[in-house]
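Here's the structure, in structure tokens; my notes come after.
What follows is calculated from the coordinates using simple rules that are stated; it is not laboratory data. Fair warning: this is a prediction, and the values are worked out from it, not measured in the lab. In this analysis, Cβ positions are derived from the backbone assuming ideal geometry, glycine residues included, and neighbour counts consider all displayed protein chains.
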Protein chains: 2
Amino acid sequence: MNLQYHSQLLESAVEEFSRLPGIGRKTALRLVLHLLKEDKKLAEALGNSIIRLRNEVKQCKICLNISDNEFCHICTDSSRDQSVICVVESIKDILVIENTQQFRGVYHVLGGIISPMDGIGPGDLSIPMLEERVKKGGIKELILALSATMEGDTTNYYLYRRFNPYNLMITTLARGVSIGDELEYTDEITLGRSILNRIPYEAKT
Amino acid sequence: MNLQYHSQLLESAVEEFSRLPGIGRKTALRLVLHLLKEDKKLAEALGNSIIRLRNEVKQCKICLNISDNEFCHICTDSSRDQSVICVVESIKDILVIENTQQFRGVYHVLGGIISPMDGIGPGDLSIPMLEERVKKGGIKELILALSATMEGDTTNYYLYRRFNPYNLMITTLARGVSIGDELEYTDEITLGRSILNRIPYEAKT
């Protein structure tokens, strides 16, 4: 259904909404008609928060996490272990890891992952910035928390080679059977790895 | 998953997006991170078009269709039959009917439908405005193009009673088996109505 709107304003709002991922023209129209029907304040708040977000949000000058200030709340948190850096692909990964409440170190956002297919090489990532942090000293461990994909493995290997000369521990996330998963439905590569990397059984008492 | 953002700007953008229908916090976050990653212009264009839409779009002073000008493109189109008014619930219905390219008359947007359950009575709809149009004369037919629901039927009945005193034809949309539907899967009420309202067979030659 290719509707004709005959209103430039409606047309352009639908157009802009449908540029967003996962939003087609039909959903865009629904959102736009909703905004037209609801209180004016709703549309203004949405519009302004989008513009402010893009213009005012900053990147932390240490780790590239997003931040309302020059340095993010994690890098400036003195209770966190500044000697352990968890290297992630994107900001979203920080949100997800923080949500586990299992990590008390700091982060470094690569801004991507090495992917020759997409034309992304090491030069496109914030690796020199990470190297500066390491060179300054005081870093004991780099945790490579990248995706368990071929691109993730490639990036892990590259980072390992690059940071091995510095005297620090380099670790990656444990791979294995997801908690709650039945063995029957676990893919064989994961299962194979989790047998190779088996750990001593800890009896819960 | 209830993520903590630690950025007021991010938080408020996610908040505003998730007020939209069908968009939860997870989708909102995805959209916001997309806007952060993409060109600044994309976010500005979206933000501005939302604000402009709400501030600048007008309602046609005749039919309440949305319009960039005082009168909409349908009411000002001299090739359309101004004596036939198609009464619809919302702007979206105009878009859908226009898309069929089967109607050459004009519209009137009620702005809702009589629904005692939702506390919407005739006084909440643009019925007086429609009555003014009819009183001015020159209207031959009102087509009641409302939903085939109980609320639609109630509204049809109310409009019929109200506009019957004026000397004009009042019609409603034909109800019947959808084109392409198998009888087996047609609900019995629709099927029953379509038997009662059967029409002479026109042989295609």
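Before moving on, here are some points about what is shown:
- For region A:62-114, filtered to residues that are over 17 Å from the mean Cα position of the chain (by Cα) and of a type in the set (D, E), the residue that is nearest to A:G152 (Cα to Cα) is A:D81.
- Filter pass, A:D81 being in contact with a strand residue (DSSP E or B) (Cβ under 7 Å, 6 or more places away or on another chain) and surrounded by fewer than 17 Cβ atoms within 10 Å (Cβ to Cβ): yes
- Residue in region A:58-73 that is touching an Asp or Glu at 6+ places or on another chain (Cβ under 8 Å), more than 7 Å from chain B (Cβ to nearest Cβ), of a type outside the set (K, R) and not in a strand (DSSP E or B) present: yes
- Matching residues, region A:31-47, being more than 7 Å from chain B (Cβ to nearest Cβ) and either in a helix (DSSP H, G or I) or in contact (Cβ under 8 Å) with a residue 24 or more places away in the chain (or both): A:K37, A:K41
- Region B:42-87, residues that are under 19 Å from A:E16 (Cα atoms), touching a Lys or Arg at 6+ places or on another chain (Cβ under 9 Å) and of a type in the set (D, E, K, R): B:E44, B:R54, B:D68
- Filter result for B:G111 (touching an Asp or Glu at 6+ places or on another chain (Cβ under 8 Å) and under 25 Å from A:L35 (Cβ atoms)): yes
- The listed residues are B:I94, B:I113, and the only one of them that is in a helix (DSSP H, G or I) and within 14 Å of chain A (Cβ to nearest Cβ) turns out to be B:I94.
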